[in-house]
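**Student:** Sharing a structure below in structure tokens format, with a few things to ask.
The values are calculated or read from the model by the stated rules, or taken from the named source; none is laboratory data. No experiment lies behind these values; they were computed from the predicted model shown. In this analysis, Cβ positions are derived from the backbone assuming ideal geometry, glycine residues included, and neighbour counts consider all displayed protein chains. Side chains included, ligands, DNA and RNA excluded: accessible areas come from the protein's heavy atoms. Shrake-Rupley method; radii C 1.70, N 1.55, O 1.52, S 1.80 Å.
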There are 2 protein chains.
Amino acid sequence: MDGNIRFMDNISKTEIPIGVVASATSTRVLEALTQLREDIISGILKPGEKLRVQHLKSKYGVGAATLREALSLLVSESLVTATAQRGFNVAPISLQDLKDISETRTMLEVQAAVESVKHGDEEWEVQLIGAYHRLTKVEEGTEDLANSSTAIWEQRNIEFHEALVAACPSRWIRQFRSILHTHSERYRRLSLQTVGVSRNVHIEHQEIFDAAMARDTKTLVKVLTNHIDKTFDVVYQMVKEDPSLNPIT
Amino acid sequence: MDGNIRFMDNISKTEIPIGVVASATSTRVLEALTQLREDIISGILKPGEKLRVQHLKSKYGVGAATLREALSLLVSESLVTATAQRGFNVAPISLQDLKDISETRTMLEVQAAVESVKHGDEEWEVQLIGAYHRLTKVEEGTEDLANSSTAIWEQRNIEFHEALVAACPSRWIRQFRSILHTHSERYRRLSLQTVGVSRNVHIEHQEIFDAAMARDTKTLVKVLTNHIDKTFDVVYQMVKEDPSLNPIT
DNA sequence: GGTATAAAAAATATCGACATTTTCTATTTT
DNA sequence: AAAATAGAAAATGTCGATATTTTTTATACC
């Protein structure tokens, strides 16, 4: 997924973009950025790991300046940290951070969803129905998703949550929510191999969808909070029990 | 989420930095970054303006790659936007954006302050008292602050608000709050020459300080919300009435 | 043995030069 | 005259080379 790089083609209103925006022709920076993001989220580049420019430039096939620029842009998403004279590191992980992310994400995503439901028009409904339908297809397809399906599920899960909050008028809430969702996904991918092993995620998504379409704000708050909590619980247990994933003692 | 608090007792309190971190020796990137940020917030570099690397590199006395890296890091703070093959721009402004910033900032800052009051220890109190004292000195010094004092007031105002929320355990809320505070300051500086012309800001700060020290959450929420609203009102009127500041129709 | 010190190695940070793409401008075409 | 087009100018994006700083390793010292 493109994370916080927004392809603006389907945004109708005169919204001002925040952050990096892609355009027709790509650049080496964008390519490196996309690959680096995926490698960080997937855990190929490990949490806290030092990102040596000299070493990585050959790996990603770009010059030093280009790689540094890509890494600098990833600081925007808090996936990379930069320290003067000491280079770049992959953002570290911790149980504390996971909890913080989940709680803050709940606050922002619930707010965004409520506002979205309040302001959403017919077009928003159509987009949400579409996103929900695509997500349903892949979630009902298999008991535990195969490796290939996982990537598709991840993409559609992101798109569903994006569609849910798309009508929230606050660009800032949407942006912050998106960043936290990415980090949430990172923790999930670092700790879990498959989706929905010990819970039926689709039921949760269905509840969210139904409440949103019914404009039932109260229920929406409840089921959405529950959804994020459940994700947290599962990941938290895994991270806690796997010392290799948990650099913090 | 509160239901999971019990698992958190053994979570380490070690804080992980988000974003760019300075170290003992500075770098050309950091110098350019600092100057660029100041120039954007102060309006020397105008909202929406194209940031030509070729032109600016001589102005800031650095190479192209270094300048690009500084600009890329400013994307983290949403002060600069980057578009592939089309370079960098100063983040645009709009009335809509100002409203969004103020509302989102209220949500985050109130939350952060309440949590900070809840968790703040003696050291937090000491730091807050110090920050408040330094702010008071400059706010009571003059009726309308002279140009030289304005810069000091801005610095101390930031430090006071930072100190207020310093004990909030959520790094993410603090980070997002800080970004929005910077943007809020930018709008204020773009529209107002001096502080406290039509209102006594210090009384508001005093109310905030008193409520925080008394751990009176309810009052704190009220006066802090009021404070951000008031700032918004003043700036909104100025921006609205000054077409040169308002590129959005 | 552990600590301080100095040389060596590695990595970061930085610049200038060049290729590619976009933007501007003048000319031609309908 | 407006639109399309082609050439010129400007700006972006990119890389390799190099100075500076940090980190590691080896050596000497108490």
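**Student:** Look at region B:71-86 and say how many of its residues are under 18 Å from B:Gly19 (Cα atoms) and within 13 Å of DNA strand D (Cβ to nearest atom). Before the answer, list the steps.
**Tutor:** Narrowing region B:71-86 to residues under 18 Å from B:Gly19 (Cα atoms): B:71-82.
Next, from what is left, pick out any that are within 13 Å of DNA strand D (Cβ to nearest atom): B:71-72, B:75, B:80-82.
Here the count works out to 6.
**Student:** Another question, if that's okay. Pairs only if they're at least six apart or on different chains, beta carbon under 9 angstrom, first in region B:230-242 and in contact (Cβ under 8 Å) with a residue 12 or more places away in the chain, second open to solvent by 80 Å² or more (accessible area, probe 1.4 Å); list them, first residue then second.
**Tutor:** B:Phe232/B:Lys99; B:Phe232/B:Glu103; B:Val234/B:Val197; B:Val234/B:Ser198; B:Tyr236/B:Lys99
**Student:** Which residue pairs have Cβ atoms closer than 8 Å, lie 6 or more positions apart in sequence or on different chains, and pair a first residue in region A:119-140 that is in contact (Cβ under 8 Å) with a residue 60 or more places away in the chain and over 13 Å from A:His161 (Cα atoms) with a second residue that is of a type in the set (Phe, Trp, Tyr) and assigned to a helix (DSSP H, G or I)?
**Tutor:** Once the first residue is in contact (Cβ under 8 Å) with a residue 60 or more places away in the chain and over 13 Å from A:His161 (Cα atoms) and sits in region A:119-140, its partners that are of a type in the set (Phe, Trp, Tyr) and assigned to a helix (DSSP H, G or I) give A:Glu139/A:Trp153.
This table checks each residue for (1) within 12 Å of DNA strand D (Cβ to nearest atom); (2) at positive phi; (3) at pLDDT below 95.
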| residue | (1), (2), (3) |
| --- | --- |
| B:Arg6 | no, no, yes |
| B:Thr34 | no, no, no |
| B:Ile40 | no, no, no |
| B:Asn89 | yes, no, no |
| B:Ile101 | no, no, no |
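**Student:** Just checking: which of the helices (runs of 4 or more DSSP H) contained wholly in region B:18-136 hold 1 or more residues that are touching a Gly at 6+ places or on another chain (Cβ under 9 Å) and within 14 Å of another protein chain (Cβ to nearest Cβ)?
**Tutor:** On the way: elements: B:28-42, B:53-59, B:64-75, B:95-119.
Here the list reads B:28-42, B:53-59, B:64-75.
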